[in-house]
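*Asks:* Structure below; questions to follow.
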Amino acid sequence: MGKTKVLFLCTGNSARSQMAEALLRKYAGDRFEVYSAGLEPKGINPYTVRVMEEIGLSLDGHRSKPLTEYMGQFHPCPILASGHRLGSGTPQHQDPMVVGPHLTRQPTGHLSSPHSSGLSVKV
């Protein structure tokens with residue numbers, strides 16, 4: 001059996017999702033095929049690079065990627081690492097929403113972001 005694919009999704013793919021991708025790849029890359037993407041990629045935040053270097057992880061080779069690059073490749077759904085409450089545009093400091101076979105919080109309808117340029121993901 002192949003590795004389980006995991007996609008960490010956030011608005012800009014500039015910080016949290018990049019960190020999550022690097023950490024899961026380092027600590028469980030033998031079991032998971034790990035990716036990250038954003039609804040509206042912004043480039044990797046320099047502070048993200050610095051923080052990861054402080055814990056000994058390089059983000060060399062990482063880039064901010066659009067969700068469209070992975071459309072149709074993941075089932076059932078990605079893990080959302082966004083600090084925004086979807087649809088509100090307001091940062092929320094709460095646990096990331098996990099979407100998949102073991103839901104911790106289930107959204108209704110479509111996942112979208114006020115920064116997504118109209119892109120939404122049907123759940």
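*Asks:* What's the number of the only condition in (1) among the β-branched types (Val, Ile, Thr); (2) at pLDDT 65 or above; (3) in contact with a Pro (Cβ under 7 Å, 6 or more places away or on another chain); (4) surrounded by fewer than 16 Cβ atoms within 10 Å (Cβ to Cβ) that residue 123 fails to meet?
*Replies:* (2)
*Asks:* Considering only residues that are surrounded by fewer than 20 Cβ atoms within 10 Å (Cβ to Cβ), part of a loop (DSSP other than H, G, I, E, B) and among the polar types (S, T, N, Q), which ones fall in segment 1-13?
*Replies:* None; the set is empty.
*Asks:* Right, another one. Give the residues of segment 20-47 that are closer than 19 Å to residue 69 by Cβ and not in a strand (DSSP E or B), sorted by residue number.
*Replies:* Of all residues in segment 20-47, those closer than 19 Å to residue 69 by Cβ come to 20-22, 24-25, 32-44.
Result: 20, 21, 22, 24, 25, 39, 40, 41, 42, 43, 44.
*Asks:* Moving on to the next point. Working carefully through the options 84, 75, 62, find the one that is modelled with pLDDT of 90 or more and either surrounded by fewer than 18 Cβ atoms within 10 Å (Cβ to Cβ) or not aliphatic (A, V, I, L, M) (or both).
*Replies:* Numbers: 84 fails: modelled with pLDDT of 90 or more; 75 fails: modelled with pLDDT of 90 or more.
On inspection, the qualifying residue turns out to be 62.
The values are calculated or read from the model by the stated rules, or taken from the named source; none is laboratory data. As the structure is a prediction and not an experimental result, all values here were calculated from the model. Backbone-built Cβ (ideal geometry, glycine too); neighbour counts: all protein chains shown.
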